[in-house]
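*Asks:* The structure's right below; bear with me while I get my questions together.
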Amino acid sequence: MSGPEVSCREIHAIVTSDKPARERAELLAGRSELEECLNRGLETTLKARDWYNFEAYNGMAYRFPSPRYVAHLSSALDLREAHVQPGDVLLTLGRIRSSDSIPALERVLEWRPEWDEFDDIAFKALDALAGIDTDAAWRVIESVVDDERGRVRETANSLLASRR
């Protein structure tokens, strides 16, 4: 057996290994099937609710960003599953900077989990939206300029002021 299947198995072994993230990234760099295999890995770990390995794939998706990952990362956020690390997923979406993630980022801004007392996920969503830097992304930021959460409101207003 050769081709993408073998390559994805090799990549899976590296992504899910106990090696430090930097070392895993060095072993993955330059592989021709990397984007396809990371996309498959995000998909299969998400479907299997294999959160430990999903987090490993998300970490490598952060290091090797691609718009192909947006659908799986957005789906993970929408689950509101206790085992999904939304902050990490938002950092990856922020690195990818795809307008396809705007709807998911908007939903994150509306989400107010009780465990997020400092509105960390809202800040990461706002940062990702600012990085996307399209009119649609800025409209979502504008939508929270009067938010009841003071720090969210201040951050949105600050981002808009810096854009001008």
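The values are calculated or read from the model by the stated rules, or taken from the named source; none is laboratory data. Predicted model only: the values in this text are computed from it and were never measured. Cβ placement follows ideal geometry from the backbone for every residue including glycine, while neighbour counts extend to all protein chains displayed. Just so you know, the surface numbers come from the protein's heavy atoms only, side chains and all, with ligands and any DNA or RNA stripped out. Shrake-Rupley method; radii C 1.70, N 1.55, O 1.52, S 1.80 Å.
*Asks:* Can you pull out every residue in the range 65-96 that is closer than 16 Å to Trp51 by Cβ, among the charged types (D, E, K, R) and under 10 Å from the mean Cα position of the chain (by Cα)?
*Replies:* Correct list: Asp88 only.
*Asks:* What number of residues in the range 89-112 are β-branched (Val, Ile, Thr) and modelled with pLDDT under 95?
*Replies:* At the first step, the residues of the range 89-112 found to be β-branched (Val, Ile, Thr) are 89, 92, 96, 102, 108.
Going one step further and asking which of them are modelled with pLDDT under 95, we end up with none.
Counting residues in the range 89-112 that are β-branched (Val, Ile, Thr) and modelled with pLDDT under 95 gives 0.
*Asks:* When you scan the range 1-106 for helices (runs of 4 or more DSSP H) that lie fully inside it, which ones turn up with 3 or more residues that are of a type in the set (Phe, Trp, Tyr) and closer than 23 Å to Asp127 by Cα? Walk me through how you get there before you give the answer.
*Replies:* Values: elements: 4-15, 21-28, 34-47, 51-63, 70-79, 86-96.
It comes to 51-63.
*Asks:* Tell me whether the range 130-142 contains one or more residues that are over 14 Å from the mean Cα position of the chain (by Cα), closer than 30 Å to Ala56 by Cβ and exposed (fewer than 13 other Cβ atoms within 10 Å of the Cβ). Walk me through it before giving the result.
*Replies:* Here is the first cut: in the range 130-142, the ones over 14 Å from the mean Cα position of the chain (by Cα) are 130, 133-142.
After this cut, where a residue has to be closer than 30 Å to Ala56 by Cβ as well, the list is 130, 133, 137, 140.
Of the ones still in play, those that are also exposed (fewer than 13 other Cβ atoms within 10 Å of the Cβ) are 133.
Yes, the range 130-142 contains at least one residue that is over 14 Å from the mean Cα position of the chain (by Cα), closer than 30 Å to Ala56 by Cβ and exposed (fewer than 13 other Cβ atoms within 10 Å of the Cβ).
*Asks:* Is the range 99-109 home to any residue that is open to solvent by less than 10 Å² (accessible area, probe 1.4 Å) and under 27 Å from Arg22 (Cα atoms)? Give the steps one after another, and end with the answer.
*Replies:* The initial filter retains those residues of the range 99-109 that are open to solvent by less than 10 Å² (accessible area, probe 1.4 Å), namely 101, 104-105, 108-109.
Next, only the ones that are under 27 Å from Arg22 (Cα atoms) stay: 101.
Scanning the range 99-109 turns up at least one residue that is open to solvent by less than 10 Å² (accessible area, probe 1.4 Å) and under 27 Å from Arg22 (Cα atoms).
*Asks:* Moving on. Out of all the residues in the range 49-59, which are under 19 Å from Ala128 (Cβ atoms) and open to solvent by less than 50 Å² (accessible area, probe 1.4 Å)? Let's see the steps before the verdict.
*Replies:* First, the residues of the range 49-59 that are under 19 Å from Ala128 (Cβ atoms): 54-55, 57-59.
Once the filter is applied, which keeps residues that are under 19 Å from Ala128 (Cβ atoms) and open to solvent by less than 50 Å² (accessible area, probe 1.4 Å), the range 49-59 yields Phe54, Tyr57, Asn58, Gly59.
*Asks:* Now for a separate question. Only one of Leu27, Leu46, Leu73 is of a type in the set (A, V, I, L, M), open to solvent by 20 Å² or more (accessible area, probe 1.4 Å) and free of Cβ contacts under 8 Å to residues at least 40 places away in the same chain; which?
*Replies:* So the residue among Leu27, Leu46, Leu73 that is of a type in the set (A, V, I, L, M), open to solvent by 20 Å² or more (accessible area, probe 1.4 Å) and free of Cβ contacts under 8 Å to residues at least 40 places away in the same chain is Leu27.
*Asks:* With respect to Tyr62, is the statement that it is of a type in the set (Ser, Thr, Tyr), closer than 29 Å to Asp135 by Cα, within 13 Å of the chain's Cα centre (by Cα) and surrounded by 19 or more Cβ atoms within 10 Å (Cβ to Cβ) true? Walk me through how you get there before you give the answer.
*Replies:* Numbers: of a type in the set (Ser, Thr, Tyr): yes; closer than 29 Å to Asp135 by Cα: yes; within 13 Å of the chain's Cα centre (by Cα): yes; surrounded by 19 or more Cβ atoms within 10 Å (Cβ to Cβ): yes.
Against the criterion (of a type in the set (Ser, Thr, Tyr), closer than 29 Å to Asp135 by Cα, within 13 Å of the chain's Cα centre (by Cα) and surrounded by 19 or more Cβ atoms within 10 Å (Cβ to Cβ)), Tyr62 qualifies.
*Asks:* On to the next question. Contact list please: Cβ distance under 6 Å, first residue in the range 102-130 and within 14 Å of Ser143 (Cβ to Cβ), second residue assigned to a loop (DSSP other than H, G, I, E, B), pairs at least six apart or on different chains.
*Replies:* Within 6 Å, the pairs are Leu109/Val144.
*Asks:* So, one more: Answer yes if at least one residue in the range 113-122 is at pLDDT 95 or above, open to solvent by 80 Å² or more (accessible area, probe 1.4 Å), in a helix (DSSP H, G or I) and not hydroxyl-bearing (Ser, Thr, Tyr), and no otherwise.
*Replies:* no
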